[in-house]
1. Please name whichever of Ala36, Cys76, Ala24 sits farthest to the positive end of the charge dipole of segment 6-87, dipole taken about the Cα centre and charges placed at Cβ: Lys and Arg +1, Asp and Glu -1.
2. At a 10 Å Cβ-Cβ cut-off, how would you order Arg18, Arg98, fewest neighbours first?
3. Take the chain, compute every pairwise Cα distance, and split them into 10 Å bins from 0; I just need the percent in each bin.
4. Under a point spin-label approximation (7 Å from Cα along Cα-to-Cβ), what is the Thr5-Arg63 distance to one decimal in nm?
5. Helix 32-45 versus the longest principal axis of the chain: what is the Cα-based angle in degrees, 0 to 90, to the nearest 10?
6. Cα axis of helix 61-72 to longest principal axis of the chain: angle in degrees, 0 to 90, nearest 10?
7. Relative to the Cα centre, what is the charge dipole magnitude of the chain, using +1 at the beta carbon of each Lys and Arg, -1 at the beta carbon of each Asp and Glu, and rounding to the nearest 20 debye?
Amino acid sequence: MESLTGKQKRYLRSLGQRLHAEIAVGKTGVSETLRAHLDRLLDERELAKVRLGEGTTGGDRRRAAEELAAGVGAFCAGVVGRTALLYKPNESLPIEKRILLG
């Protein structure tokens, strides 16, 4: 999959409504530990909410979310305010735990 369609992004955002942001990017930016934690979270769930701090790359949160997604091999499903939603498909998960995009 090269990119997500608009319909797929809308579906992922609807799933993300009930998630809480478990990852927070602070003033120091993206560390290797944060990236590893995000990668592990995406491997377990395929979908993660990330809270982007005020100082994130000069205020361009959309670009910061895209860079973070690219760093872990994920897709950015959307950015609303200071919250980004990242999706990374994991074929090794059982089918009942996977997010199936049409």
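Values quoted throughout were computed directly from the atomic coordinates according to the rules given, and no laboratory measurement underlies them. The shown structure was predicted, so the numbers you read here are calculated from the model rather than taken from an experiment. Cβ placement follows ideal geometry from the backbone for every residue including glycine, while neighbour counts extend to all protein chains displayed.
1. Value computed over the given set: Cys76.
2. Arg18, Arg98
3. Per 10 Å bin, starting at zero, the Cα-Cα P(r) for the chain comes out as 16, 52, 28, 4, 0 percent.
4. Calculated label separation equals 3.1 nm.
5. Tilt of helix 32-45: around 20 degrees.
6. So the helix axis and the longest Cα principal axis differ by about 60 degrees.
7. Here the chain has a charge dipole of around 460 debye.
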